Amino acid sequence: MSDVEHTATLIRDAIRDLPKRYEENANEIKNIEKQITDYLHYIELVDLNASEGFRAYKELQAIQKERRRLKDDNELLKHIYPALKSLRNNLSQFDKAIGGIRKTKRHLEKRTYRCRSAKNLQEKINEVKS
């Protein structure tokens, strides 16, 4: 893949995927916060022995770590989210542009030179190209 094609593909994928990732993270954070509330009520309302209490603590800790990971990811994504979201409507243009780049690459790989004057050089020039 050429640098131009690779860069265009990365831009298109970022426009398509990063806003979706931000929104999915935000939804997952909401779900996790509901889980945390449930665990806190469980700890508050149920008399737990040491083993049950430790198990609840470890589960709550794992849930909190996942929440932190998602929030940290969204802290980074929030800076680019508005710009990328506004470009989502242009995804078809990026797809068309990437298709054009690929078509041009195929054409450039097959192209030959047609001598205008020195016809005796025609074969030699195109032989080197192949």
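A few comments on the model shown:
- Filter result for Leu60 (free of Cβ contacts under 8 Å to residues at least 60 places away in the same chain, outside any helix (DSSP H, G or I) and surrounded by 13 or more Cβ atoms within 10 Å (Cβ to Cβ)): no
- Qualifying position, being under 16 Å from the mean Cα position of the chain (by Cα) and part of a helix (DSSP H, G or I), among Lys85, Lys65, Lys34, Lys71: Lys85
- Residue pairs whose Cβ atoms lie under 8 Å apart, sitting 6 or more positions apart in sequence or on different chains, and linking a residue in segment 91-119 that is among the charged types (D, E, K, R) and assigned to a helix (DSSP H, G or I) to a partner that is surrounded by 11 or more Cβ atoms within 10 Å (Cβ to Cβ) and modelled with pLDDT under 80, are Lys105/Ser2.
- Matching residues in segment 72-117 - criterion: being more than 13 Å from Ala14 (Cα to Cα) and either touching a Cys at 6+ places or on another chain (Cβ under 8 Å) or among the aliphatic types (A, V, I, L, M) (or both): Leu76, Ala97, Ile98, Ile101, Leu108
- There is at least one residue in segment 19-35 that is of a type in the set (Val, Ile, Thr) and out of contact with any Pro (no Cβ under 9 Å at 6 or more places or on another chain).
- Unique match (being touching a residue at least 40 places away in the same chain (Cβ under 8 Å) and not basic (Lys, Arg)) among Glu52, Glu5, Glu44: Glu5
- Qualifying residue in segment 37-56 (condition: modelled with pLDDT of 95 or more, under 30 Å from Leu87 (Cβ atoms), assigned to a helix (DSSP H, G or I) and of a type in the set (A, V, I, L, M, F, W, C)): no
The values are calculated or read from the model by the stated rules, or taken from the named source; none is laboratory data. If you're wondering where the values come from, they're calculated on a predicted model, not measured in any experiment. Cβ atoms come from the backbone with ideal geometry, glycine included; neighbour counts cover every protein chain shown.
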